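Remarks on the structure that follows.
Nothing in this text is a laboratory measurement; each read-out follows from the coordinates by a stated rule. All of these numbers come straight from a predicted model, not from anything done at the bench. Quick reminder, even Gly has a Cβ in these numbers, built from the backbone with ideal geometry, and neighbours come from all protein chains shown.
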Amino acid sequence: KKISDVYDINYYDVLEKAGIIDENSDSLLKETNEKLDALLKETNIDNPWGTIPLVGTICAGDGLIANSNVEDFVVYPMLNKKKPDYALRVQGDSMNQVGIESGDIVFLRASNWVEKNGQIAAVIVNGEEGTLKRVFWEAERNIIRLVPENSKYRTIEVFPNEVHICGVYAGHFKPEYQMDDI
């Protein structure tokens, strides 16, 4: 298989020439295996989930400048969902009532607006504070509310021009280590 890939020769032609399979072999089996090989190559079976960049830390608290440097690559483990664009490590506990805790990795789809009212998103406030919150907009008041999922924190109210949405929540997982271990 590796030789056929290097020389860009059909795998089954190599097997036939080597005498491993008979040229009169079942053509249906050969055709099925070729389709399977193409599918595996297309989905990258060695890493079926693909990797996405972990681009630093986002605060789930009172605010922290978001770091946009790629610090690592992580695997997105949810096969039945669309792969997100990037991931952030959470620092803080403002979203702990929905299970997002300090040290967790949050997956995000790049977007400049939430798809529905109340969706969790990574948000930069006033060009400097990066935070993870639920985003609610109130058209009648022309206000965006950034709502934490922890009663210790207050809701942040801003005008639309004071907020930049970086991505919408697409899932999260808890690494084996905690932020205190880093």
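What the table shows:
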item	result
Cβ-based net charge around residue 95, under 12 Å, with every Lys or Arg adding one and every Asp or Glu removing one	-1
Distance in nm between pseudo-label sites at residue 51 and residue 128 (7 Å out along the Cβ direction from Cα)	3.5
Debye, to nearest 20: dipole size of the stretch 71-154, +1 on Lys, Arg Cβ, -1 on Asp, Glu Cβ	320
